[in-house]
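Computed from the coordinates by the stated procedures, all read-outs in this text should not be read as laboratory data. What you see is a predicted model; the values in this text were computed from it and never measured. Don't worry about glycine lacking a Cβ; one is built from the backbone with ideal geometry, like all the others, and counts go over all protein chains shown.
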Amino acid sequence: MTIKSSNKIWIFGELWCPDTTRVMQLLDFLKIDYEWVNTGKDKQARELVIKTAGKYKIPIVFFEDGSYLIEPSDFEIIQKLNIDEEKLSEFYKRKSCL
């Protein structure tokens, strides 16, 4: 599987994985477009995860510039996207109210 340049971030993972859903929720909160790739149903995507991480580690977040983060924390994501830490605080406050 080849990731073609687009204006989106790609999240490779599975919905049973709490880290995958956490990353998706964070990007949704930040209103950042992304495309989710279900590595449980896409053999090529699964192979790309293994090739990239050395073993099956999810999520992997690929960015437009060709960089990626393996099992990233929320803080690593906002740093990569140059987002103010205040937004992360808002995200956590909102989550605690749900």
Completion exercise
At the level of C-alpha centres, the distance separating the range 7-28 and the range 58-98, in angstrom, is 10
Exercise for the section: Please identify every one of the trypsin sites (Lys or Arg not before Pro) in the range 32-98 that sits in a loop by DSSP and has no more than 16 other beta carbons within 10 Å of its own beta carbon. Expected result: K41, K55, K57
Handout entry: Residue-averaged 222 nm ellipticity for the chain, from DSSP H runs of 4+ at -39500 (n - 2.57), nearest 500
Key = -13000 deg cm²/dmol
Exercise for the section: Could you calculate the FRET efficiency of Q79 with F29 from 1/(1 + (r/R0)^6), where r is the beta carbon distance between them and R0 is 22 Å, rounded to 0.05? Expected result: 0.85
Practice task
Would you mind calculating the relative contact order of the chain from Cα pairs under 8 angstrom and at least 6 residues apart, reporting the percent as a whole number?
Solution key: 28
Handout entry: Entries of K55/K87; K8/K87; K8/K93; K8/K43 with Cα pairs more than 29 Å apart
Key = K55/K87
Practice task
Find the Rg to Rh ratio for the chain, where Rh is the Kirkwood radius over alpha-carbon pairs and Rg uses the same atoms.
Solution key: 0.97
